[in-house]
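Encoded as structure tokens, the structure appears first; notes follow it.
Computed from the coordinates by the stated procedures, all read-outs in this text should not be read as laboratory data. All values reported here derive from a predicted model rather than from experimental measurement. Cβ placement follows ideal geometry from the backbone for every residue including glycine, while neighbour counts extend to all protein chains displayed.
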Amino acid sequence: MNVYIRLWNALLQLKMEIYTVVIQFGLGVVLFFIINWIGKHSYSIGYMSISVFAKVEEAPAFNFLIRVLTPTVYLIISASVLYALKLDKYVDQYYLVSLYYIIFRLSFNLLTGRGLLLNWYRQLLYWVSILVISYFAYTKLIISRENLLPDFTTLANELWIIILIFLFHVTNNVRFSSNGTIKRKEKYLITMVNRFKNKYGAIIDKKISNEHIKGLIYAILIIENFNRPRLARWIEYLRYFITGKPHTLGIMQYYTYTYISDSKSVKLGVQKINAAYKSSIADFKNGQKGKYFGEWALKNELASAYNTGSQYNEDVLEMWHEIMNKFYPNTNDVLLE
């Protein structure tokens, strides 16, 4: 009988540990989306997210703090909620929430093909810092519900807060070299263009001879692939098969009522861009574009013709410019005669 009791208790303990892991992993995923949301709404104050373009890091201290300290603040707040709900058992080894967050973020970036854009040395610094601070916060503060309330009864605490705020503002004005970022973005650009040339070059070359339009097509391919990586496209295919409703499908995100593969989406996307280009040229030659219509206006028109949105337009134009400089610097083709 004692054996069965011990076995039953062991199973109950295992069940509780599984519940704890599931809940803490779920909290780690929630943390991932919270940090992304904060970053998305913090561009004006210097937050820097993953991008296909090289940008100067305007607020390094803010970026470091939002990535490293936000998980710890989240641990403290969420642990307080669990304590308030009498769910103390789920606070055991609570620093693991930060580990699960790191694992989920790393998996997301790798599965969405953004590994080439990451500064791995900096990411390692972030991860180690997050885990160390989270573990320290857990052992010194979170582990006991009585420790969670802050103590500001001494002048020393207030003084240190002032010092930390001062150091934050000082370090936030430091500017780091963007050379490493530029190299990573260039490597990503070269890798993606060569990859797409190998996979879809024959489709593109069959329909397009103008190297400017080829550059535009590769720019759209890169932007669409970045915005809708393979994992997201799989989900779109799943939604299409379940609902039967029209979706944007394939790597070139072509809006369709029927199933299309990546290659088919490229073929249809090329046709759409080529048709828009020919239409614009015809209107220009017929005098319907006005006397001030030039190459820049045509580029804007073509970028907007494929997809709407000012940010999308800017991204495509910038990527188009980078591709032309890198892959077609000596082209004799012209967009507008």
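Under 25 °C and 0.890 mPa s, how fast does the range 80-120 diffuse according to Stokes-Einstein, given a Kirkwood radius computed over C-alpha pairs? Answer in µm²/s, whole number.
Here the translational diffusion coefficient equals 201 µm²/s.
Taking the Cβ of each residue in 146, 314, 236 as the centre, tally the other Cβ atoms inside 10 Å and list the residues starting with the fewest.
On the way: 146 7, 314 13, 236 16.
Arranged by neighbour count, lowest to highest, 146, 314, 236 become 146, 314, 236.
Listed here are the pairs 199/267; 183/264; 267/299; 214/264; which of them are more than 23 Å apart at the Cα?
The pairs that break the limit, which is 23 Å between Cα atoms, are 183/264.
Counting other C-beta atoms within 10 Å, which of 186, 322 has the fewest, and how do the rest follow? All intermediate terms of the calculation are to be shown ahead of the outcome.
Details: 186 13, 322 20.
Lowest to highest Cβ neighbour count: 186, 322.
Neighbouring Cβ atoms within 10 Å as the yardstick, rank 132, 22, 316 fewest first.
Ascending number of Cβ neighbours within 10 Å: 22, 132, 316.
Dipole of the range 185-272 (Lys/Arg Cβ +1, Asp/Glu Cβ -1, origin at the Cα centre): which of 221, 269, 240 lies farthest to the positive side?
240
Only Lys, Arg, Asp and Glu count, each charged at its Cβ (+1, +1, -1, -1), so figure out the dipole size of the range 179-327 about its Cα centre, rounded to 20 debye.
Magnitude of the dipole: close to 420 debye.
Under a plain spin-label model, where a point goes 7 Å from the Cα along Cα-to-Cβ, how far apart in nm are residue 33 and residue 230?
2.5 nm
Round to the nearest 0.05 the FRET efficiency obtained for residue 271 and residue 129 when R0 = 41 Å and r is the Cβ-Cβ distance.
Efficiency at R0 = 41 Å is approximately 0.25.
What ranking do 118-124, 206-212 get when scored by the average of other Cβ atoms within 10 Å per residue, highest first?
206-212, 118-124
Using Cα-Cα distances under 8 Å and only pairs 6 or more residues apart, what relative contact order does the range 179-327 have, in percent?
24 percent
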